[in-house]
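Bear in mind these aren't lab numbers, they're just calculated from the coordinates by the rules spelled out. Since this is a predicted model, take the numbers as computed values, not measurements. Don't worry about glycine lacking a Cβ; one is built from the backbone with ideal geometry, like all the others, and counts go over all protein chains shown.
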Amino acid sequence: MRYLQSLLLVLALLTAPVLAHAADDLALQLRKAAAAGDMKGVMSAVNKGAKVDAPSRNGMTPLMWASQEGHANVVQYLVARGANVNADFMDGQASPLLFAIDGLHANVVKILLKHGGDANFRPRSGGTPLLRLSRFRLAEWDSRRKSLVIVNLLVGAGAKINARNNRDRTPLIMASQSGNAELVALLLIKGAEANFRDKYGQTALMRATEKGFHNIVHQLLAHGASTGRNATCGCTSLHIAAESGNQRIVKLLLKFGADVNEQDEDGWSALMLAARNNHKEVVRLLLKAKAKPEQKDMDGLTAAAMAEKLGYKEIVKLLATNPEML
């Protein structure tokens, strides 16, 4: 009896490496087929005993590969076979849903959400699926259209519209600084809060102003975005627009009631910032809006003094002009 037990143990030890190698080969076959969208190869590997969630060395499961590449039929098959739709990639860096979103694969996103994909999965970076999508700079209309479809899918699955990442930025802030006007409009319709601030005190309006996205600035203002101060530096969107010389955005902010004489923590007004950066037309706009040229900063300097110090003679002359004559 002992002899038989010993023999069985020896046989098990001898065959274990062979079986393990065979399992590894099947898992590799499955991952390759999933990544390539080879449905026959996927089915063959699974039917031979490949585990549907067998990860590669870096943690990529077959479902992650198929989701990343946009192979909806493979995703559907793997999910039906019990693949984990919320499998965790590299200790919290990503999930199948995030891989699908990176590729703007709306059909795959729909399948994953339908089968329990977590619409609020939060990787270590803090970027939920909606935050991940909102950061993309999409130049082509087709890509922007796909992003809108995915947003609707995510929100329908319970995605938090005002989720924050590790920098306290919301999807609206991310979309505003990325220049995706259609996404900004959709997020506002879905209830995104226009006045949330990130950890640096900046709002979506400030981010859009900084990037020069006039149409997004207009959308945000129309939805009640505040033109008030940044709690960190005391600056406003008007300060940002004046400093960069963006006439269109300056006009828009003034139209929506921005305080033309607001001063930041250094005592600088929008007029001072425009003057010290030699933005003549912005200086003219601000003066017409009743900006006070006599205001002084923390060092006791006026806009004219700053311009004169920098050699901007035309700005100095303009600041000395009666606003009624502009």
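Each other residue within a Cβ distance under 10 Å of Asp264 adds +1 if Lys or Arg and -1 if Asp or Glu, for a net charge of -3.
Taking neighbour Cβ counts within 10 Å as the exposure measure, how do Ile161, Ile150 sort from fewest upward?
Working: Ile161 17, Ile150 26.
The fewest-first ordering by Cβ neighbours comes to Ile161, Ile150.
What value, in deg cm²/dmol to 500, does the helix sum -39500 (n - 2.57) over DSSP H runs of n ≥ 4 give at 222 nm once divided by the residues of the chain? The partial results should precede the final answer.
Details: 18 runs with 180 residues, N = 326.
So the calculated ellipticity at 222 nm is -16000 deg cm²/dmol.
If you wrap the tightest convex hull around every Cα atom of the chain and split its volume per residue, you get 172 Å³. From a point 7 Å beyond the Cα of Asp24 in the direction of its Cβ, which residues of the stretch 54-75 have a backbone N at a distance under 18 Å? Under 18 Å, as judged by backbone N against the label point of Asp24, lie 54-62 of the stretch 54-75.
The slack in the chain from Lys48 to Arg124, taken as 0.36 nm per residue of separation less the alpha-carbon distance, amounts to 23.8 nm.
Once the C-beta distance of Ala80 and Thr232 is scaled by a Förster radius of 41 Å, the resulting FRET efficiency is 0.20 to the nearest 0.05. Based on the Stokes-Einstein relation at 25 °C and a viscosity of 0.890 mPa s, and on the Kirkwood radius from alpha carbon pairs, the stretch 176-234 is assigned a translational diffusion coefficient of 216 µm²/s. If R0 is 45 Å, the Cβ-Cβ spacing of Lys288 and Met90 corresponds to a FRET efficiency of close to 0.20.
Using the Cβ-Cβ distance between Asn195 and Arg144 with R0 set to 25 Å, the FRET efficiency from 1/(1 + (r/R0)^6) comes to roughly 0.50.
Could you please tell me the mean projected area of the C-alpha convex hull for the stretch 123-257, averaged over all directions and given in square nanometres to one decimal?
Values: hull surface 31.1 nm².
With every direction weighted equally, the projected area is 7.8 nm².
Put simply, the stretch 20-118 fits an ellipsoid with semi-axes of 20, 14, 11 Å; these come from the alpha carbon gyration tensor as the roots of five times its eigenvalues, largest first. Over all orientations, the stretch 126-204 has a Cα convex hull whose mean projected area works out to 4.4 square nanometres.
Would the stretch 227-326 count as rounded, prolate or oblate if I go by the C-alpha gyration tensor, calling it rounded below 1.5 in a/c and otherwise prolate when a/b exceeds b/c, oblate otherwise? Provide the component values of the computation, followed by the final result.
On the way: a/c = 1.69, a/b = 1.19, b/c = 1.43.
Judged from the Cα gyration tensor, the stretch 227-326 comes out oblate (a/c at least 1.5, b/c at or above a/b).
Counting charges near Leu138 (Lys, Arg +1; Asp, Glu -1) among other residues having Cβ under 15 Å from its Cβ returns a value of +3. Each Lys and Arg contributes +1 and each Asp and Glu -1, all at the Cβ; summed about the Cα centre of the chain, the dipole is approximately 560 debye. Scanning residues 5 or more positions from Ala94 or on other chains, those with amide H under 5 Å from its amide H are Phe89, with H placed 1.01 Å from N in the peptide plane.
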